[in-house]
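Derivation of every value follows stated rules applied to the coordinates shown; laboratory data play no part. Predicted model, so just to flag it, every value in this text is computed and none were measured. Positions of Cβ are backbone-derived with ideal geometry, glycine not excepted, and every protein chain shown enters the neighbour counts.
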Amino acid sequence: MSGAAAAGLLPHHDGSALHAPDGVERGGPVRLRLRIPVGWGEASRVWLRSLHDGEPRYDPCDLLGIADGWAWWEAATTATNPVLRYRFLIEAGGRNWQLNAQGLFGRDVSDYADFRLGTYPAGPDWLRTGTMYQIFPDRFARSVQADTHPAPDWAVPADWHTTAVEGASAVTPYQFYGGDLPGITERLDHIQALGADIIYLTPFFPARSNHRYDAATFATVDPLLGGDQALVDLVEAAHARGLKVMGDLTANHSGDAHEWFRNALAGPDAPEAGYYYFSPDHSSYEAWYGVPSLPKLNWSSESLRDAFVRDEDSPVARWLRPPFNLDGWRIDVGNMTGRLGATDLNHDVARLIADRVRGINPEAALLAESTNDAAPDFSGEHWHGAMTYSNFTRPLWAWLAGEARHVNFFGTPLQGPGRIDAAEFLATHQDLAAAFSWDVRRQNMNALNSHDTARAATAMVDGGQQLGAVLMFTLPGVPVLFAGDEFGLSGDNGEFSRTPMPWDRPDRVRHDLRGLYAALSGLRRDQPALTAGGVRWLYADGDVLAFIRETAEATVLVAVTRADADAGFDRTLLTAAQWKGLAGAPALVVGELAFDDAGGLAPGGLARDAQPRLRSAGPAAAVWVLPGVAVPGA
């Protein structure tokens, strides 16, 4: 399906186990499957086109058989390169068709959107199947001991319950609410009750701001957060509950108060001078976006590589080992790391960090921020997945856009997200997800919002956050809650969205969504199709999105409407048994949405001349668990 309402079944392939092998070795054999609906047209020939050392090769596909109205074809090739890139060519109905990760085309298309199959080891299973909870420590919770830490000289003290967050002023980076790590440890019941099993902490190093991305050292935990022992205690308590804890590391820059940078300022002969980019006379330096407090690291320096990665006490290594035992890193502005003008060491640095992390703990996760089109930097070789907004969050905001024109739309000069229809959402999503391998897609972070963005509750129509949450948990990727989402907190930019959690203040809870998030995380945990199943789109038009996640054992159908809807579905999209299943109660529902059984969804099955209709009253979403996919010979 390619960017329009579904008129019926179309040829389909994705990287899931129904169509592609799991765990391919470079140089090894690969068998790939395509399925073509019988009602779409009989294919006379099908070819697998794959690239080998940059040159296309064509392997004929064999017809395996027909099951549930699908003709299954299979071809064999070799994984010559670290990432196998391929598409399918179909001769049918007197026309030539090409199927890639963006959809079906009756013309030649760029190689960029070819399917990708990586030969690199997949990320840890706990990442692929987990639900992530992001915490901005200064704003999450204060323990009793937080009162013993006086505000530092850089801070503007703020009262947790009475001081409003200033989202865009001179004091924004310095408002200090005093949340700490023991406060998080004390609230693990809350996190676990939401179904989250991965805690992602934004930086915990000493700094001169509330966000701590301007680290003054990587060698200790900020005493304001409780110090090193507080991190040890948090991780041990989390691990005892089966939870993982990931940290946040700035490989692109340090703070200007960092010991390395203070030493580097002494002169060009200082050992740390090569860690940064100084002008020839040593009077100025490169900084992230020109912000003086964030001097950029120069990865051409072998000494920096030792200090940051290779040394036993390096920040990459130290916090993954006892007694701290972090379970992985999220790398801040990974897209900019190692890049400056004509210098591009990005993949080299990523490889260096990844080798070090996996050498310490092969089950550690390594994610990296990349705010725009992330796919070219995410082959699966080094970063397991991306914290990105382009393929999911941004088009979702636009489809669910509300009336708040003042919302910061991911740093663009636009006045909020421009409203798009469902077909445009799908086209954008497929365009910007196509160049990820299936493994990486499953390991990318799917977030409605984060500490760097406005809150979804502000950007979206009333009820939009709930609809977005359903999509976040059911599309491929790792769902990410930013602390406060469960209370419907608001904010029109990243800084303003860093609101202190409204503990014991029900008057500040806009919408209590704890039950919804717990139900969604439970559904995802109980249905392997939502973490490993393929994705096939059924409908994308106007106010309606519908798709299924498929395995041989079960199919999960997800339907979402942003307004009143009455949409007709071609009955060939599902099997008779699946349509029959849709007549029953959904596994999860938000609002009022159902498939109308008056048109033939009777207990005995679907009448041949019936057109099932999806009807909703306002914003709504529902999820059904249905029979799985039949495969010939299985």
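Segment 1-102 has equivalent-ellipsoid semi-axes of 24, 14, 14 Å, by the square roots of 5 times the alpha carbon gyration tensor eigenvalues, sorted largest first. Given a Förster distance of 41 Å, report the FRET efficiency between Glu186 and Tyr112 from their Cβ-Cβ distance, rounded to the nearest 0.05. FRET efficiency, Glu186 to Tyr112: 0.25. Computed extension gain for Phe105 through Ala630, at 0.36 nm per residue and net of the alpha carbon distance, reaches 186.4 nm. Between Asn81 and Glu236, the FRET efficiency estimated from the beta carbon spacing at R0 = 56 angstrom works out to 0.85.
Ranked for footprinting exposure by Cβ neighbours inside 10 Å, fewest first, Ser279, Ser50 give Ser279, Ser50. In the calculated pair-distance distribution of segment 468-560, the portion above 17 angstrom amounts to 58 percent of the Cα-Cα pairs. Only bridges with both residues in the chain count here: give the DSSP antiparallel percent, nearest 5. Antiparallel bridges: around 75 percent, rounded to the nearest 5. Global dimensions of segment 333-428 from alpha-carbon coordinates: Rg and Dmax equal 16.7, 49 Å. Among 169-179, 264-274, 393-403, the peptide with the highest mean count of other Cβ atoms within 10 Å heads the list, and the full ranking is 393-403, 169-179, 264-274. Computed over segment 189-254, the convex hull of the alpha-carbon atoms projects to a mean area of 4.8 nm². Binning every alpha carbon pair distance of segment 254-296 at 10 Å from zero, what are the percents per bin? Calculated P(r), rounded to whole percents: 34, 60, 6.
Each peptide in 449-458, 536-545 gets a packing score, the mean of other Cβ atoms within 10 Å over its residues, and the list from highest to lowest is 449-458, 536-545. Remark on segment 395-454: Rg and Dmax equal 12.9, 37 Å (Cα only). Reported to the nearest whole Å, the Cα centre-to-centre distance from segment 269-342 to segment 344-366 is 14. Can you tell me the 0 to 90 degree angle between the C-alpha axis of helix 514-526 and the longest principal axis of the chain, rounded to 10? With rounding to tens, the tilt is 60 degrees. Note on segment 47-106 and segment 423-457: Cα centroid distance 26 Å, given to the nearest whole angstrom.
For segment 222-280, just list the percent of Cα-Cα distances falling in each 5 Å bin from zero outward, please. Distribution as computed: 4, 15, 17, 15, 12, 11, 11, 8, 5, 2, 0 percent. Rounded to the nearest whole angstrom, the semi-axes of the ellipsoid equivalent to the chain, taken from the Cα gyration tensor as √(5λ), stand at 43, 30, 21, largest first.
Overall dimensions of segment 533-627, expressed as equivalent-ellipsoid semi-axes from the Cα gyration tensor (√(5λ), whole Å, largest first), are 18, 16, 12.
Exposure proxy for Asp59, Asp114, Asp512: other Cβ atoms within 10 Å of each Cβ, ordered fewest to most, give Asp512, Asp59, Asp114.
Here the calculated FRET efficiency for Ala563 and Asn372, from their Cβ-Cβ distance with R0 = 51 Å, stands at 0.95, rounded to the nearest 0.05. Taken along the Cα-to-beta-carbon direction at a fixed 7 Å, the label points for Asp147 and Arg514 span 2.4 nm. All C-alpha to C-alpha distances of segment 518-582, sorted into 5 Å bins beginning at zero, yield P(r) values of 4, 15, 24, 24, 19, 12, 2 percent in whole numbers. With the simple model of a label 7 Å out from the Cα in the direction of the Cβ, Ala552 to Gln229 spans 5.5 nm.
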